[in-house]
Amino acid sequence: MRADGTAAVKQLDGQEFDFDSQRRISGTGTWELTDRPMGWSDGQHVSLSVTRRTSSAWREPADEADEVAVDGNSREPAPDSYTWTLELERRKKGLALYFFYGDPDNRNAYYLEKAR
């Protein structure tokens, strides 16, 4: 995410139930800090939108249950655009960005890291 509001995403999984599709999206788009009610926690969020998908890939199934959940022959193609709602967490070295994935009753957090 750049200061001018543009963004580049590389192999990012979908959030919430879209994570189960096992597809990863790469592309370019925009981001914005917003006060609009969205996401799961109070306060500000980051809306990250890929408006131009440049590629997509499939994540390897983590276990047999994942393999059964998504039959390799019935995978839908990745969408041309996608929007993530990123939560913010204050840490000693700054803010951490993350989103939730999986069943909302038993969520997991996916933390983003800056490319090195």
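Assorted remarks:
- Summing charges over all other residues whose Cβ lies under 11 Å from the Cβ of residue 83, with Lys and Arg as +1 and Asp and Glu as -1, gives -2.
- Electrostatic tally near residue 41: other residues with Cβ closer than 10 Å to its Cβ, Lys and Arg +1, Asp and Glu -1, net -3.
- Around residue 97: net Lys/Arg minus Asp/Glu count, Cβ-Cβ under 11 Å: -1
- Computed lengthening from residue 6 to residue 60, 0.36 nm per intervening residue step minus Cα-Cα distance: 16.5 nm
- The stretch 6-111: radius of gyration and largest Cα-Cα distance (Dmax), Å: 14.5, 45
- Take the Cα of residue 88, step 7 Å toward its Cβ, do the same at residue 103, and the gap between the two points is 3.2 nm.
- Three-way shape label, the stretch 1-65, alpha-carbon gyration tensor, a/c 1.5: oblate
No lab work stands behind these numbers, since they all come straight from the coordinates. Predicted model only: the values in this text are computed from it and were never measured. Neighbour counts are summed over all protein chains in view; Cβ atoms, including those assigned to glycine, are modelled from backbone coordinates with ideal geometry.
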